[in-house]
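Down below is the structure, laid out as structure tokens.
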Amino acid sequence: MLRIDNLRKTFDVPSDQRGRGRATASAQLAAIDDVSLEIHEGEMFTFLGPSGCGKTTTLRSIAGLERPDSGEIRLSERVLFSRGRGRDREVPVNRRGLGMVFQSYAIWPHLSVFDNVAFPLQVMPRRDRPKKKVIEERVMRVLATMELDAFAGRSATKLSGGQQQRLALARALVTEPPLLLLDEPLSNLDAKLRESLRFELKRLQHEIGITSIYVTHDQVEALALSSRIAVMSKGQVAQVGAPRDIYTHPESKFVAEFIGNSNFLPATAVESGNGTAIVETPQGRLEVAVDRPLDATASYLIGIRPESVEVLAAETAPAAGNGFSGTVAARSYLGEAVDHIVDIGGYEMRARVNPSVSFPAGTAVRLRIDPATISLIPTEGASR
């Protein structure tokens, strides 16, 4: 559907932000550094990462609001942008035919709800512009989909925050674009409304079936909405995959840290075979599920999600089993869960358990971990 090949975009670094020893006249920052991706038809694809990682610049490059230095962007068989590949091409923003929802919604306050949605159709070139009756039918149909048809005559400024978000989405969809771009559209809403609209947005995208690209720095939002996620860091794609794969099998420490929380321990392989491996950590040995034999000469990092750690009272738990013995250093009640910080030989491991389980500080406990929930992250020179 959409293919991005070797996309690169740099910005000049202001002189007051340049470090010592950098070129005075030509200091540049690579906002997008050789990014290549393929977005499939009908999916909700998310660019996820911290501020400055290049996710919004990539989205704006697809929209035509930024001009990359090199690379290619192709929508189906249509080249939207190409530079440095023998034949340069750049389709203007207004001719790309894409829908976009901005972070600020960009709703016109002097227009009604109906006129806000109708505007993109009304300003089409005369040869492409639908007839007035067709415009009215299309606008009312998309307003009904967004449950805004009852407010068609109302001023756009008299809508709630959630309704304004749906209005911006309706305006982007009324032209029936082949691709919808969403730049952190929920970031201006309060937490409770944002959570409810995540599911509404996912439902609408599934029902309409439009291919969508979503930009966010919110990990929960990305996990809840996406068909696939591209985690970005320093202008590059760190990992691409389905939400569950990204969360349970991070390929780097950055991804494991950015998506949720993890406990990290250095490890070396002791033995491996038959889908499992024994690794040695400073706190003791652990069994880890693997899909190939490990390199005994290489170093690894294991990542353990707090919710994957089971906390048992030391006097009732068997000494055998995959895990560690330790002492509760602190606990925190979170409502839907209880966090325990457990000291295991000088390392503090975080465990998130059911609220019915709660051990006060100073309690001796046994931590039990399913081998299948442990992530094995290769360090330099190691293979997965």
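The values are calculated or read from the model by the stated rules, or taken from the named source; none is laboratory data. The model shown is predicted, which means the values in this text are computed figures rather than measured ones. Ideal geometry is used to build each Cβ from the backbone, glycine not excepted, and the neighbour counts take in all protein chains shown.
Data overview
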read-out: Segments classed as helices (runs of 4 or more DSSP H), wholly inside the range 172-269, with at least 1 members that are in contact with a Cys (Cβ under 8 Å, 6 or more places away or on another chain), more than 18 Å from THR145 (Cβ to Cβ) and of a type in the set (Gly, Ala, Ser); value: none
read-out: Condition broken by LEU111, with the remaining ones in (1) without any contact (Cβ under 8 Å) to a residue 40 or more places away in the chain; (2) within 20 Å of GLU147 (Cα to Cα) satisfied; value: (1)
read-out: Of all residues making up the range 280-292, the number that are more than 31 Å from the chain's Cα centre (by Cα) and of a type outside the set (S, T, N, Q); value: 4
read-out: Of all residues making up the range 353-379, the number that are without any contact (Cβ under 8 Å) to a residue 40 or more places away in the chain and among the hydroxyl-bearing types (Ser, Thr, Tyr); value: 2
read-out: Top-ranked residue in the range 66-108 [being modelled with pLDDT of 95 or more and among the β-branched types (Val, Ile, Thr); ranked as farthest from the chain's Cα centre (by Cα)]; value: VAL91
read-out: Filter result for the condition that a residue is free of Cβ contacts under 8 Å to residues at least 12 places away in the same chain, surrounded by 13 or more Cβ atoms within 10 Å (Cβ to Cβ), of a type in the set (D, E, K, R) and assigned by TED's automatic domain parsing to the domain that holds ILE208, over GLU184, GLU195; value: GLU195
read-out: Enumeration of residues in the range 297-317 that are assigned to a helix (DSSP H, G or I) and in contact with a helix residue (DSSP H, G or I) (Cβ under 6 Å, 6 or more places away or on another chain); value: SER308
read-out: Any hit, the range 28-43, residues being more than 14 Å from ILE213 (Cα to Cα), β-branched (Val, Ile, Thr), touching a strand residue (DSSP E or B) at 6+ places or on another chain (Cβ under 7 Å) and modelled with pLDDT of 95 or more; value: yes
read-out: Scope the range 237-247; condition of a type outside the set (A, V, I, L, M), buried (at least 17 other Cβ atoms within 10 Å of the Cβ) and either more than 13 Å from the chain's Cα centre (by Cα) or within 20 Å of ILE369 (Cα to Cα) (or both); matching residues; value: TYR247
